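Please treat every number below as a calculation from the coordinates, not as lab data. All figures in this text were calculated on a predicted structure; none of them were measured in a lab. Every residue, glycine as well, gets a Cβ built from its backbone with ideal geometry; the counts of neighbours run over all protein chains shown.
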Amino acid sequence: MIIKFHGVRGSYPVPGKDTVKYGGNTTCVSFTTIHDGKLSRIIIDSGTGIVQLGKDIITNFFAKKESLDVNILFSHLHPDHLGGFNFLPVNFFKGATINLYGMKALGSGIEQAMEAQFSPPTFPIEYFTLKSNRVHHVVSDGDVLLFPGFVVTVMQAYAPSHPQQGATYYRIGECSSNKSVACIWDNESKVGGDKAVINFSKGCDVMIHDTQYTKEEYESSKMVVQGFGHSTYDMAIENAIQAGARKLICTHFNPSHDDVKLDEIQQKYSDIHGLHAREHPNLPVVLAQEGVLNSKQ
């Protein structure tokens with residue numbers, strides 16, 4: 001299984017010269033494996049990072065490497081996780097089928113959220129006019145989803161995991177290797193670790209976890225962010241340790257953290273002489289980078 005990050009930011013995109021290394025697009029992650037000799041892909045979230053991913057899928061399609069049957073799982077319905085779908089190139093190919101999986105919250109599901117995004121006068125194209133065939137699926141806590149080469153389990157969390165509607169977490173399992181990745185973002189962890197997340201992620205090979213804030217930002221009284229539904233690096237590490245994860249990949253970065261700041265954070269947790277490395281030598285901590293194959297399992 002190959003994990004690739006196409007967008008790593010929370011809240012809003014931050015393009016520019018100061019975010020080149022880690023990336024400035026909002027959340028989109030893909031998981032690929034080879035099943036029966038063909039490329040099989042699962043995508044989580046359609047932040048702005050999905051636009052380039054869509055171009056890659058089209059290129060693969062014409063090279064006869066990948067089909068236009070696309071599976072997208074949504075963690076929740078906020079703009080930084082949906083907004084890129086309007087510009088997904090696959091939508092403009094007749095014969096393409098896009099399966100969209102997500103929770104139903106506050107009376108709305110994925111279909112209603114997309115219809116709202118594709119509404120004139122704020123967008124020139126209406127949802128029903130897209131050429132792709134879109135199939136909408138509601139997922140609930142405890143569901144097990146089967147895809148070619150993958151089995152996916154679902155956990156539904158509620159506030160304070162994320163304000164108002166909560167978020168959906170996914171555990172991606174590769175059938176051929178029995179390796180798994182726990183995808184935990186837009187969550188605000190708890191003192192002593194989030195036991196529900198820890199139980200859901202037990203024994204995973206990789207945990208991908210929300211790290212929007214540093215400890216200092218989270219505990220600051222100047223700009224209060226507690227209750228915003230996001231975790232710190234230390235919270236993510238605590239959950240990964242208790243879950244027995246073999247690797248932690250940090251993502252959903254604060255849009256105000258440029259490459260210099262993220263380099264400092266990466267150095268802090270990867271320095272072999274640092275506190276984390278001394279106390280937890282068996283848990284590598286890696287900051288996700290857009291466009292990089294961050295992990296091959």
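Under 8 Å for C-alpha pairs, at least 6 residues apart: give me the relative contact order for the range 1-77, rounded to a whole percent. Before the final figure, lay out each step's value.
Numbers: 132 pairs, mean separation 20.9, N = 77.
That works out to 27 percent.
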**Item:** Pairwise label distance in nanometres, Leu146 with Asp234, each label 7 Å out on the Cα-Cβ vector
**Value:** 4.5
**Request:** Would you grab the residues whose amide H sits under 5 Å from the one on Met103? Only those 5+ places off in sequence or on another chain, please, with H modelled 1.01 Å from N.
**Result:** Val139
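For a quick protection proxy, order the peptides 279-285, 210-216 by their average other-Cβ count within 10 Å, most packed first. Walk me through the numbers on the way to the answer.
Working: 279-285: 14.4, 210-216: 21.4.
Final packing ranking: 210-216, 279-285.
If each DSSP helix of 4+ residues adds -39,500 (n - 2.57) and the sum is divided by the residues in the chain, what number results at 222 nm, nearest 500 deg cm²/dmol? Intermediate results must be reported in sequence, preceding the final value.
Numbers: 8 runs with 64 residues, N = 297.
Estimated from H runs of four or more residues: -6000 deg cm²/dmol.
R0 = 45 Å: FRET efficiency of Thr97 with Ser270, Cβ-based, nearest 0.05? It would help to have the intermediate numbers written out before the result.
Numbers: r = 41 Å, r/R0 = 0.92.
E(calc), rounded to 0.05, equals 0.60.
Just to be sure I understand: of the beta bridges DSSP finds with both ends in the range 156-297, what percent are antiparallel, rounded to 5?
Numbers: 6 of 18 bridges.
Roughly 35 percent of the DSSP beta bridges within the range 156-297 come out antiparallel.
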**Asked** Between Lys17 and Asn60, how many nm apart are label points set 7 Å from Cα along the C-beta direction?
**Response** 3.5
**Request:** Taking every pair of Cα atoms in the chain, average 1/r, invert it to obtain the Kirkwood radius, and report Rg/Rh to two decimals.
**Result:** 0.95
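Subtracting the Cα-Cα distance from 0.36 nm times the residue separation, let me have the gained length for Leu39 to Ser108 in nm, one decimal. Mind dumping the intermediate values first?
Numbers: separation 69, 0.36 × 69 = 24.84 nm, distance 3.24 nm.
Using 0.36 nm per residue and subtracting the Cα-Cα distance, I get 21.6 nm.
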**Complete:** Rounded to the angstrom and largest first, Cα extents along the principal axes for the range 149-221 equal 49, 24, 19
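Using the reciprocal of the averaged 1/r over all distinct C-alpha pairs, how large is the Kirkwood radius of the range 32-80 in Å?
Values: mean 1/r = 0.0850 Å⁻¹.
Kirkwood radius, the range 32-80: 11.8 Å.
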**In sequence order, calculated HN-Hα J values of the range 149-164 (Karplus, 6.51, -1.76, 1.60; Hz; x Gly/Pro)** = x, 10, 10, 10, 9, 10, 10, 9, 10, 10, 3, x, 4, 7, x, 6
**Beta bridges by DSSP in the chain, antiparallel share as percent, to the nearest 5** = 55
**Request:** Starting from the Cα of Lys247, draw a straight line to each of the lysines and keep only those under 22 Å, dropping any in the same chain fewer than 8 residues away.
**Result:** Lys4, Lys21, Lys179, Lys190, Lys195, Lys202, Lys215, Lys261, Lys268, Lys296
**Prompt:** Under the Karplus relation 6.51 cos²θ - 1.76 cosθ + 1.60, θ = phi - 60°, what is the ordered set of whole-Hz ³J(HN,Hα) values for the range 256-271, x standing for Gly and Pro?
**Reply:** 7, 8, 7, 4, 4, 5, 5, 4, 4, 5, 4, 4, 4, 9, 10, 4
